[in-house]
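Asker: One structure follows; several queries about it will come next.
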Amino acid sequence: MDADAADAAGPGLGPEDLPGLGARLRERRLRSGLTLEAAAARVGLSPAHLSRLETAKRQPSLPVLLGLSRAYAVPLDVLLGEASAAPSAVIRGGSAEPSLAGGWTYRPAGAPGRAMQALRVHVPPDIQDAVVRVHPGEEWLYVLSGRLVLTLDRERHLLEPGDSAHFDSMRPHRLAADTPTGTDLLFLHTLLQSPTSELCLG
């Protein structure tokens, strides 16, 4: 059953239960830099259904709320409009849920709501090797294991474990693993509102 059907079948919430929810859903989608179509695809909804949620013509079920929470990388209580405590300064490696985009694997290595995003990234070989990325902000990356080919403009650099790079991400750049098992990175980006999939996959 897809998310549209599950939402229709699941226990619904009345508009009086979560006032302002639709506006918060739209605000968080826009902050994430996602179109209606892209956000809906991430959670298995139709764009029309997500539009109805954002305009409070429909109320989402809990599974859909959880899916939107993951898609927008915000805690569920933020979508619900509840005051949340300041994020912990410590991020435990075992609690970092991985997400996949374009064959790459991402794990959060920093708290949400900060001025930069910190991620642990696994780049498999032969995935998105030809994608050239250009977007606002600065990037810093550190090779943990494997080798990474970093192309900046027309410059080609081979990075070994322990090597790092720091550059303006408006420079056209491309990342590719140069190891049969892939490459693991620590990755920082200064533009928090960039969706994870756009940070590394264009």
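Asker: Out of the residues in region 115-130 that are farther than 21 Å from Glu160 by Cα and touching a strand residue (DSSP E or B) at 6+ places or on another chain (Cβ under 8 Å), state the one that is modelled with the lowest pLDDT.
Answerer: Filtering region 115-130 for residues that are farther than 21 Å from Glu160 by Cα and touching a strand residue (DSSP E or B) at 6+ places or on another chain (Cβ under 8 Å), the one modelled with the lowest pLDDT comes out as Met116.
Asker: Would you call Val121 under 26 Å from Tyr72 (Cα atoms) and either free of Cβ contacts under 8 Å to residues at least 60 places away in the same chain or part of a strand (DSSP E or B) (or both)?
Answerer: yes
Asker: Here's a check for you: in region 55-82, which residue that is part of a helix (DSSP H, G or I) and among the small types (Gly, Ala, Ser) is farthest from Arg29 (Cα to Cα)?
Answerer: Gly67
Asker: For region 119-170, which residues satisfy the criterion of being over 20 Å from Arg107 (Cβ atoms) and among the hydroxyl-bearing types (Ser, Thr, Tyr)?
Answerer: Hits for region 119-170 are Thr151, Ser169.
Asker: Just a yes or no: is a residue in region 137-159 modelled with pLDDT under 80, exposed (fewer than 15 other Cβ atoms within 10 Å of the Cβ) and not in a helix (DSSP H, G or I)?
Answerer: Taking every residue of region 137-159 in turn, none turns out to be modelled with pLDDT under 80, exposed (fewer than 15 other Cβ atoms within 10 Å of the Cβ) and not in a helix (DSSP H, G or I).
Asker: Hey, can you tell me all the residues within region 18-54 that are touching an Asp or Glu at 6+ places or on another chain (Cβ under 7 Å), assigned to a helix (DSSP H, G or I) and of a type outside the set (A, V, I, L, M)?
Answerer: Gly22, Arg26, Pro47, His49
Asker: Here's something else I'd like to know. On the basis of being without any contact (Cβ under 8 Å) to a residue 60 or more places away in the chain and closer than 20 Å to Gly102 by Cβ, does Val149 make the cut?
Answerer: The answer is yes for Val149.
Asker: Another question, if that's okay. How many residues are under 22 Å from Pro108 (Cα atoms) and of a type in the set (D, E, K, R) when one looks only at region 44-76?
Answerer: The qualifying residues number 1.
The values are calculated or read from the model by the stated rules, or taken from the named source; none is laboratory data. Here the structure is a predicted model, which is why all the values come from computation and not from measurement. Ideal geometry is used to build each Cβ from the backbone, glycine not excepted, and the neighbour counts take in all protein chains shown.
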